[in-house]
Every structure is written in C-alpha cells, then in structure tokens.
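Asker: Below is a structure I'd like to ask you about.
The values are calculated or read from the model by the stated rules, or taken from the named source; none is laboratory data. Values in this document were obtained by computation on a predicted structure and should not be read as measured data. Every residue, glycine as well, gets a Cβ built from its backbone with ideal geometry; the counts of neighbours run over all protein chains shown.
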Amino acid sequence: MAQTWRKAWKTFWRYKALFLMLVPGMVYLFINNYLPMFGLTIAFKEINYAKGIWGSDWIGWKNFEFLFMTRDAWRITRNTILYNAVFIVLNTVMAIGVAILLNEVRKKFLARFYQSVLLLPYLISMVIVGYLVLAMLNLENGFMNKIILPAFGLDPISWYTKPEYWPYILTIVNLWKNIGYLCIIYLAAIVGIDQEYYEAATIDGATKWQQIRSITVPLLMPTIIILTLLAIGRIFYADFGLFYQVPLNSGPLQPTTDVIDTYVYRALITLGDIGMSSAAGFYQSMVGFVLVLVSNLIVRLKDKDQALF
Amino acid sequence: MRANEMNQTLVNIFFALASVACIFPFLLLFVASFSSEQSIITKGYSLVPSEFSLEAYKYLWNNFDAIGRSYGITVFITAVGTTAGLFISALLAYPLSRTDMPLKNTLSFIVFFTMLFNGGLVPTYLIYTEVFHIKNTLWALIIPGLLTNGFFILLIRTFFRTSIPKEIIESAYIDGASEFKIFFRIVMPLSLPILATIGLMLGIGYWNDWFNGLIYITDSKLFSLQNLLNRMLQNIQFLQQTNLDGRAQAANIPTNAVRMAMAVIGIVPILLLYPFFQRFFVKGLTIGAVKG
C-alpha cells in the first residue's frame, strides 16, 4: 500500500510541471461549467438569499408543478422545437445548394469574393442584426413599409406587434445569418471529393445535374447526416440572440417568438422568479443532455469515427 | 470538359443576387446614418439619401465621452480576454496532448464533458453574482462563458498531438529543458497557425459579445460598445434619458439617424479588418466542424 502511494507520488513529481499547467484551465472549467451543473439543484429549492444558494430549503418538485401548470411550458417547448426543426431542414438544403454552385464558379477570385460576402452576416453580432432588421421593418420609416409595400399598393404593417409574421421573419434572418457558415463547411466536404469520379462520369456522358445527384450528394451524405444529427442533439437549445434581439423583446410577439432560452432569461432577469426560471432551465438541460446522448449514439452506430464519443 | 460546365453567367447572376441580399441591409444602415432626420421621417430609410447630413455623426462626436469609453472597454476586454483565454487554453491542452501524461484520459474527459452538458443560465448567473460577486465589474465582461471552452481546448490538443513531433519534445527534455521551457520555447512557436485561428475566434467572440453585459452590467459606465448598441436598440429613449454628455440635451435629437450611425461605428472596425483575417476565420469555422 505504502509502496503504491510512493510510486504514484513519484510519477506525480516527475510530471509536476504539467499538472501545474492544467491548473488555470481546470479551475476555470470548474467555476464556469461544473459549479453551475451542481447548481442545477436550485430547481428543487426555494431560494432564500439570506441562507445562500447551497443552504436554501428543499421544496421537491414544486417549481416544476408551477411551470407545467402554465401554458408557457407547452408554448416555449413547441416554439423551440419547431423553429429549430425548420432551421435544420431549410439551412441544410440551402447551404448544400449554394455550396455546390459556389464550387462551380470558375473564376477563383470571384468564388472567394462571393464566399466572403456570404460570410459577412455570420461575422456580426446579433445586436447589429437587430438594427438591420429594424431598418427594414420599422413601422414609420422602415424599408418594407415605406418602399416595398407601397410599390405593391399595400398598407404599412406594424411588424413588431403582429406575431403571425415572425415565424417567417425569424426563419429568413436565421438563414441569412448562418448560410455562409454552413455553406463553407459543405464546400470543404465537396472540395474533398475525388475529381476522378467526375472525370469518369463526364466520359460516360453524364450531365452536370446527373453528376450532382449521383456523385456529389451521395458522397456528402455522411457529412449531412452527422451535422443534422448533431443539430438535432441541440434542438432544445434556441439561439437566444435571434429570439431576443431581432423581435426587440416585444411583448405582443411572444406567442411566436418566445423560446425556452428567452423564457428563462425573462423569468430570471426581468421578473426575478428564480423558481420558475430554474425549473425551465433544468428541464432544458436534462432533455438537451438526453438528446445529445441519443443523437450521438445514432451517429456512433452509423459511423464510429464521426461520433463525438 | 468545358462543355459540361454549368452556365457561368447563370451561376454568377445567382451569386450577384445573393451578394446583394447579404450586403443590402448594411447599405441601408450606412445610408440612413448619413441622412437627415427629417428625410428619414418623411421618406423612410432608402438607398438614395434624399438629404445628406452629418448631424448623426456630429451628435456622436459631441458624446465622445460615453461612446469613446464603451469603445475603450470593448477593446480592453477583447485584448485581455483573448490573450488570457489563449494562454489558459494552450496550457491546459498541452499536458492533455502528451501521450505519457498520467491520467490524461480522465482529464480529457473532464474537459470534454463540458461540451455535452451544462447548467444553463440560472445557476451560472447565481454562482457568478452570489458567490463571486461579479455584477457590475469588468470581470463580468471577460470571464463568464467567453474565456475558453472545451471545444477550443480539444482542438488545440489535437494540433499539439498531430503536428509537433514527439521526438523534439523528448530530446529537449533529455537535454535538460524544463517542461515550461519546452512549452514556451518549442511547442508554442510551432503552433502559431492554431493559436492564430483560436485567438481570432476568441477575439470575435469578445468583440461581438453583448450577453454578459446584458445580464451582469446595469451601470452604464461599464457598458461595452455592444451593450450601448443593445440598449439603444431596445429603448429609443435611452439617448435622451442617459444624457450621454451630461449637459441638458436639445429636445430634437436625430434619434433614427443616430441609432444607425452607432451601428455603423460598431461594424466598421470589423469590416476594415475582415479582408486581413478572413483566411483564418474560414479556417476556424471549418476546423473540427466535422471531425476528420
């Protein structure tokens, strides 16, 4: 026994400098990631600031009963999943299409220019996106209400109070912001395809469309499946910036713009309702975790090398 | 082969249209910032300013104190956060990359698990505010969430493992170099490509971050540029209320144009630098997006 300890100590001493290097990063991950994981137990407590986070009284499932008695729970779950499902399908299809086209541009400097421009929206913060959308949709002087709608003889629309338009607006904004990024990832996969397939197909007289359908898309399939499954693993997490900044946190829009992340934020910061927000956050973390594990399991069954773990 | 190519004209027309769709909102914003308030109110935002005016920028210049401060805060947190984050990530990644490191699998798993599961906003917020009392301090803009993450650490680890020959490290060790000397003198200089890429991603993350300011900062003196923009977007009266320059404001602030001018000065630095870092940015996005 004493000997094993001495041996372990000797190994540790030999590697002491490397262990020392680990310290700052590990301390950070402990504070930033692991403490909040333990803090999830807050959902089962009634937080009393005098007693502190760890010392507050346990109240069992009460916070969850309150949360699931409201209609909000259903609404935010539905919105989060539906938006993400639409984003996954639409963004993937569009990104692959654009990537295939981008690969066809013969002039290299033009291809690089297009790629840079498409990537521009991905580079800027969601606050700026909020401004850009406001310039388009502002009630009194937005581009839509002043120029586009009058051109078709239509009346101005009060975009920021009409929830029925927002599923479309948010979908378009999301596509606009992310297509450049996804397109680059698929382009990298397309560039990696062996040119000999295309040469052989051309000799056999295959048209461009046939080549895309029978070579490019099938060879992209592994990438498509992996990226889609990983996105499904995150389907319970919404893009907070998109749903908070772009609708300008507008109350009347909540039926179609409220997602789990905005709900948790509002309950915590605006309303100060720790019970409700921690219950919703716990619900998201747990279901999210299960989905990540399940989707990874499926990836693993399909192709072991592509799995995260 | 040429005959079998897609029609280049059609392809180029498609991308010309797509490029316009990407740039158009920026142009609208840019033009609006140079329009007079009166023309925005009567004609709306448009690509052709009906009346050119610098009043929005004059207003911003008169409020240089508040805007300059928020710019300074953004530059400061970006510089400090990126440097510190890069060091912390590389220092943690290096031991994990060493095949002879004891417990390396357990330690790697501790890093990796943070990518699968997280506590979410509420516990994070309560721990940072109630345990570490970070609210309304500059720390709040640097530390929560942004400093490093499991993904970056594992990317750097993979680079160290695959691109730095083990023999160099071993021979340096045999020659009597300390582990820290090996790390700083050999490993870091050989890893500039990955460090530049991760550093850029960290830097963009800090420059664009508004979330930490939104939840941890209520004192407008500590607003970063993005927080100032955020506040002006959500609340058009913010300009009048905060009285940015401390003097009594004239009632007729060109609010619409000023908003757009603020957004413009928030975008311009990143647009000017974009051509220079674009290559690293694309690399940062594709690296590890799909493993292998």
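Asker: Looking at the range A:214-231, is at least one residue within 23 Å of A:THR256 (Cα to Cα) and within 15 Å of the chain's Cα centre (by Cα)?
Answerer: If we filter the range A:214-231 for residues that are within 23 Å of A:THR256 (Cα to Cα), which is where we start, we get A:231.
Add one more test, that the residue is within 15 Å of the chain's Cα centre (by Cα), and what stays is A:231.
The answer is yes; a qualifying residue exists.
Asker: Could I ask something else about it? How many residues are outside any helix (DSSP H, G or I) and small (Gly, Ala, Ser) if we restrict to the range A:267-309?
Answerer: Let us first name the residues in the range A:267-309 that are outside any helix (DSSP H, G or I), namely A:271-273, A:303, A:307-309.
Within this subset, residues satisfying the condition of being small (Gly, Ala, Ser) are A:272, A:307.
The number of residues fulfilling the criteria is 2.
Asker: State all residues of the range B:161-176 that are small (Gly, Ala, Ser) and surrounded by fewer than 10 Cβ atoms within 10 Å (Cβ to Cβ); if no residue qualifies, say none. So that I can check it myself, show each step before the final result.
Answerer: So in the range B:161-176, the residues small (Gly, Ala, Ser) come out as B:163, B:171-172, B:176.
Selection gives B:GLY176 alone.
Asker: Going by the structure shown, is B:LEU146 within 12 Å of another protein chain (Cβ to nearest Cβ), under 30 Å from A:PRO247 (Cβ atoms) and touching a residue at least 40 places away in the same chain (Cβ under 8 Å)? Reasoning before the result, please.
Answerer: Details: within 12 Å of another protein chain (Cβ to nearest Cβ): yes; under 30 Å from A:PRO247 (Cβ atoms): yes; touching a residue at least 40 places away in the same chain (Cβ under 8 Å): yes.
In short, yes.
Asker: Further question on the same structure: Only one of these is touching a residue at least 12 places away in the same chain (Cβ under 8 Å), touching a Pro at 6+ places or on another chain (Cβ under 6 Å) and of a type outside the set (Phe, Trp, Tyr): A:ASN103, A:ASN145, A:ASN91. Name it. Before you say what the answer is, go through the steps one by one.
Answerer: On the way: A:ASN103 fails: touching a Pro at 6+ places or on another chain (Cβ under 6 Å); A:ASN91 fails: touching a Pro at 6+ places or on another chain (Cβ under 6 Å).
Only one candidate passes the filter, namely A:ASN145.
Asker: Let me ask something else. Going by the conditions given, is A:ILE157 surrounded by 15 or more Cβ atoms within 10 Å (Cβ to Cβ), more than 9 Å from every other protein chain (Cβ to nearest Cβ) and within 28 Å of A:VAL89 (Cβ to Cβ)?
Answerer: On the way: surrounded by 15 or more Cβ atoms within 10 Å (Cβ to Cβ): yes; more than 9 Å from every other protein chain (Cβ to nearest Cβ): yes; within 28 Å of A:VAL89 (Cβ to Cβ): yes.
Against the criterion (surrounded by 15 or more Cβ atoms within 10 Å (Cβ to Cβ), more than 9 Å from every other protein chain (Cβ to nearest Cβ) and within 28 Å of A:VAL89 (Cβ to Cβ)), A:ILE157 qualifies.
Asker: Quick one: how many residues across the range A:270-309 are closer than 30 Å to A:TRP61 by Cβ and more than 7 Å from chain B (Cβ to nearest Cβ)?
Answerer: From the range A:270-309, those closer than 30 Å to A:TRP61 by Cβ are A:270-297; that's our starting set.
Going one step further and asking which of them are more than 7 Å from chain B (Cβ to nearest Cβ), we end up with A:270-273, A:275-276, A:279-280, A:282-283, A:286-288, A:290-291, A:293-297.
The total comes to 20.
Asker: Within the set of pairs 6+ apart or on separate chains, which have a first residue in the range A:190-211 that is of a type in the set (Ser, Thr, Tyr), a second that is part of a helix (DSSP H, G or I), and C-beta atoms under 7 Å apart?
Answerer: A:TYR197/A:ILE215; A:TYR198/A:GLN211; A:TYR198/A:ILE215; A:THR202/B:ASN4
Asker: While we're on this one: Give the residue, chosen from A:GLU164, A:GLU104, A:GLU65, that is surrounded by 13 or more Cβ atoms within 10 Å (Cβ to Cβ) and among the acidic types (Asp, Glu).
Answerer: Values: A:GLU164 fails: surrounded by 13 or more Cβ atoms within 10 Å (Cβ to Cβ); A:GLU65 fails: surrounded by 13 or more Cβ atoms within 10 Å (Cβ to Cβ).
The unique qualifying residue is A:GLU104.
Asker: Which residue is nearest to B:GLY150 (Cα to Cα), if the candidates are limited to the range B:113-123 and must be in contact (Cβ under 8 Å) with a residue 24 or more places away in the chain and at the interface with chain A (Cβ under 7 Å from one of its Cβ atoms)?
Answerer: At the first step, the residues of the range B:113-123 found to be in contact (Cβ under 8 Å) with a residue 24 or more places away in the chain are B:113-115, B:121.
Keeping just the survivors that are at the interface with chain A (Cβ under 7 Å from one of its Cβ atoms) gives B:114, B:121.
Values: B:THR114: 6, B:LEU121: 18 Å.
The residue in question is B:THR114.
Asker: Still on this structure: Determine which member of the set A:THR256, A:THR216 is in a helix (DSSP H, G or I), among the polar types (S, T, N, Q) and within 26 Å of A:ASN79 (Cα to Cα).
Answerer: Working: A:THR216 fails: within 26 Å of A:ASN79 (Cα to Cα).
The unique qualifying residue is A:THR256.
One line per residue, one yes/no per condition, for (1) under 18 Å from B:PRO95 (Cβ atoms); (2) part of a loop (DSSP other than H, G, I, E, B); (3) modelled with pLDDT of 95 or more; (4) more than 14 Å from chain A (Cβ to nearest Cβ):
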{"position": "B:THR158", "(1), (2), (3), (4)": "yes, no, no, no"}
{"position": "B:GLU167", "(1), (2), (3), (4)": "no, no, no, yes"}
{"position": "B:GLY176", "(1), (2), (3), (4)": "no, yes, no, no"}
{"position": "B:PRO193", "(1), (2), (3), (4)": "no, no, no, yes"}
{"position": "B:TYR206", "(1), (2), (3), (4)": "no, no, yes, no"}
{"position": "B:THR218", "(1), (2), (3), (4)": "no, yes, no, no"}
{"position": "B:LYS221", "(1), (2), (3), (4)": "no, no, no, yes"}
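Asker: Quickly run through the range A:27-51 and pick out the residues that are more than 7 Å from chain B (Cβ to nearest Cβ) and without any contact (Cβ under 8 Å) to a residue 12 or more places away in the chain. Don't jump to the end; show me each part of the working.
Answerer: Step one: list which residues in the range A:27-51 are more than 7 Å from chain B (Cβ to nearest Cβ), which gives A:27, A:30-31, A:34, A:38, A:41, A:43-51.
Within the range A:27-51, A:VAL27, A:PHE30, A:ILE31, A:TYR34, A:PHE38, A:THR41, A:ASN48, A:TYR49, A:ALA50, A:LYS51 meet the criteria.
Asker: Return only the number of the condition from (1) under 30 Å from A:ASN141 (Cα atoms); (2) in a helix (DSSP H, G or I); (3) free of Cβ contacts under 8 Å to residues at least 24 places away in the same chain that B:LEU126 does not satisfy.
Answerer: (1)
Asker: So which residues in the range B:130-143 are at the interface with chain A (Cβ under 10 Å from one of its Cβ atoms) and in a helix (DSSP H, G or I), if there are any at all?
Answerer: Quick first cut of the range B:130-143, residues at the interface with chain A (Cβ under 10 Å from one of its Cβ atoms) only: B:130-132, B:143.
Passing the criteria: B:GLU130, B:VAL131.
Asker: Go through the range B:8-34 residue by residue and tally those that are at the interface with another protein chain (Cβ under 7 Å from one of its Cβ atoms) and loosely packed, with under 14 Cβ neighbours inside 10 Å.
Answerer: Number satisfying all stated conditions: 1.
Asker: Hey, another quick one. Could you list, in sequence order, all residues of the range A:83-125 that are of a type in the set (Lys, Arg) and either closer than 29 Å to A:TYR237 by Cβ or within 9 Å of another protein chain (Cβ to nearest Cβ) (or both)? Walk me through how you get there before you give the answer.
Answerer: Going residue by residue through the range A:83-125, those that are of a type in the set (Lys, Arg) are A:106-108, A:112.
Within the range A:83-125, A:ARG106, A:LYS107, A:ARG112 qualify.
Asker: All but one of (1) of a type in the set (D, E, K, R); (2) in a loop (DSSP other than H, G, I, E, B); (3) more than 17 Å from B:ASN256 (Cα to Cα) hold for A:GLU140, so report the exception by its number.
Answerer: Only one criterion is unmet by A:GLU140, namely (3).
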